[in-house]
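**Q** Provided herewith is a single structure, encoded as structure tokens, for subsequent inquiry.
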Amino acid sequence: MPHAEIPRSQSHAYERVSRDALGQRIADLVAMPPVQLDLLRSAVCDYVSTRKGIGDPPEQVLAQVKSIAVLALTSRDVRADATSLVEQVVRWCIDEYYRRADAPAVETPEPDYP
């Protein structure tokens, strides 16, 4: 969806959680151990929530998030297990997309990453 079609009230959120910004945030958060999972999850959930609010269907959001995560995790010297991190990011994406608006974020056990 072109930027001009995004409602004015959502334009700042859209800019803040753009694809490039999310990819950079993921790369930055995993670059130096230990991985800051709470910040990583927050970045992913912000992106998913914004894309859902704009009207993107779940399969599109999931594909975008997975693609962004894979690119971010393979484009740098990541010390953490990239496959496990991508799997975790995908779980967060699904949880966030289907979370009711009035429900708190689900706390899932996090694996330990270096």
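The values are calculated or read from the model by the stated rules, or taken from the named source; none is laboratory data. Since this is a predicted model, take the numbers as computed values, not measurements. Cβ placement follows ideal geometry from the backbone for every residue including glycine, while neighbour counts extend to all protein chains displayed.
**Q** What pairs come out if I take residues in segment 56-73 that are under 15 Å from residue 41 (Cβ atoms) and pair them with residues that are assigned to a helix (DSSP H, G or I) and aromatic (Phe, Trp, Tyr) whose C-beta lies under 9 Å away, six or more apart or interchain?
**A** Correct list of pairs: 65/47; 65/92; 68/47.
**Q** Also, quick follow-up: Confirm whether residue 17 is in contact with a helix residue (DSSP H, G or I) (Cβ under 6 Å, 6 or more places away or on another chain), surrounded by 15 or more Cβ atoms within 10 Å (Cβ to Cβ) and modelled with pLDDT under 85.
**A** Considered against the rule, which asks whether it is in contact with a helix residue (DSSP H, G or I) (Cβ under 6 Å, 6 or more places away or on another chain), surrounded by 15 or more Cβ atoms within 10 Å (Cβ to Cβ) and modelled with pLDDT under 85, residue 17 comes out as yes.
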